[in-house]
Amino acid sequence: MESWHRRLFQLPRTLRWQLFLILFAGLAVAHVLSFGVLFLERYTAAKTMMLGNLEKDVGISLALLDRLPAGERHQWIATLERGNYRYELGPGLPGVPELSGLGKEVADIIQTAVGQRLPVTIETIPGVRQRVQAHVTLSDGSQVTIDLRPRVMPLASWLPYVLLAQLALLLLCTYIAVRSAIRPLHRLAMAAEALDPSKEVARLDETGPAEVAYAATAFNTMQDRITHYLKERVQILAAISHDLQTPITRMKLRAEVAEDGPGKEKLLSDLSEIERLVREGVAYARTAHGNVEKPARIDVGSFVESIVSDYQDTGKAVKALQTIDAVVTTRPHALRRILTNLIDNALKFAGEAEVDVGRKPDGKIYIVVLDRGPGIPDGQLEAVLQPFYRLEQSRNRDTGGTGLGLAIAQQLALAIDGSLNLKNRSGGGLAAEIVLG
């Protein structure tokens, strides 16, 4: 129950609704207070006018009735009647002498108007509505009753509708203002989420209010800098790779002509690992720009079968479970690199691999590489897609690899507008699924 109440009185989590509620609540309270002050001022003015007119009217009316013969007074009763009080010949209704609020003010006004020359008794008549009767004894001993139902200012029937219309207009204006203020922030968030230096994305519009234009310009500048830095990274790694190839080749040639011995084989192995690490590092850096390849239409079934045939020709235990006849537009070289990395990973840890191609219920094409290896702990299925992350912590290149194969496949999958998902199979093994966008 406490959590329900806490959620009820808690501000919404979105900035749009927080600003909307704060602004609307503040403006609505100010509007209601302004309306209340206006109503109070009108009430005070109307009450002052009513009491002033009552004092003059009662004094004149009683003086007239006092001077008229008793037989003619009833002819003037209807003429002297007003909207909130009337005159009656007779003692009136029995009441109580307790007066409060507006009734006491009316009683004081009547007492002042009558003065000391005519006896007056003022009582409150019990009932739902406020009602006061003043019993005045005229000079000839007859009684006149003033029956008052004080009304200061009746509200017009249309006034509540005007208030509701004003609140509705206030609600609409607040919503439009908050929406206009939040829209640039929403566009900035969407642009930041879609930020991908490897793709051509639309730049933010640098028009509008000064603050919005400045933020859009800063974001576009940041995007240009990130793209420039990534290109520099690829260029630097390519240059390092090129510069390292020569000394590595010289070292391998010198090692090969050296005398045979255990040190020679270890040296050649180390040089080969250095060469492979440099080559794969550059390949990973270049996958950030995997979209430089032009898209082409391919038959997925034939494409996968050709890759499987290439492995089978080299004696590798790779087979295709099923394929489908489907044509997709993608980047063939990037897709081939993804599949070869996944198949190589399956062969390394399971000795064999199976490739399955199909269509999901939403119509998207998927390619899944299956193996019966040791699999990956569930808590590390996402981590293995990061660069240089290896389940094998011994740093042994023969068992752990460079830690870039799955990272390259993941980055290339994003570059071709696809996705790569890893999951363990029941009964052991791993399923690496590529879904083509």
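Taken together, the values in this text are just the output of simple stated rules run on the coordinates, not laboratory data. This one's a predicted model, so the numbers in the text were calculated from it and none came from an experiment. With ideal geometry, Cβ positions are generated from the backbone for all residues, glycine too; neighbour counts draw on all protein chains shown.
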### Cα-based reach from K56 at 21 Å (exclusive), listing lysines while leaving out same-chain residues under 8 positions away
K47, K104
### Query
In whole Å, how far is the Cα centre of region 208-265 from that of region 328-371?
28
### Message
If N is the number of residues in region 290-343, what value comes out of its Cα radius of gyration divided by 2.2 N^0.38 Å?
### Response
1.17
### Task
Give me the Debye-computed log₁₀ of I(q)/I(0) at q = 0.13 Å⁻¹ for region 159-218, equal point scatterers on Cα only, no solvent, two decimals.
-0.51
### Query
In the structure displayed, which of K316/K364; K348/K423; K319/K348; K231/K294; K231/K360 lie more than 26 Å apart, Cα to Cα?
K316/K364; K231/K360
### Query
Looking at region 289-385, what % of the alpha carbon pairs are farther apart than 21 Å?
38
### Task
Would you be so kind as to identify which of T121, G90, Q75 lies farthest towards the positive end of the dipole of region 58-139, taking Lys and Arg as +1 and Asp and Glu as -1 on Cβ and the Cα centre as origin?
Q75
### Whichever lysines have a C-alpha closer than 24 Å to that of K252, once near sequence neighbours (fewer than 8 apart) are set aside
K264, K266
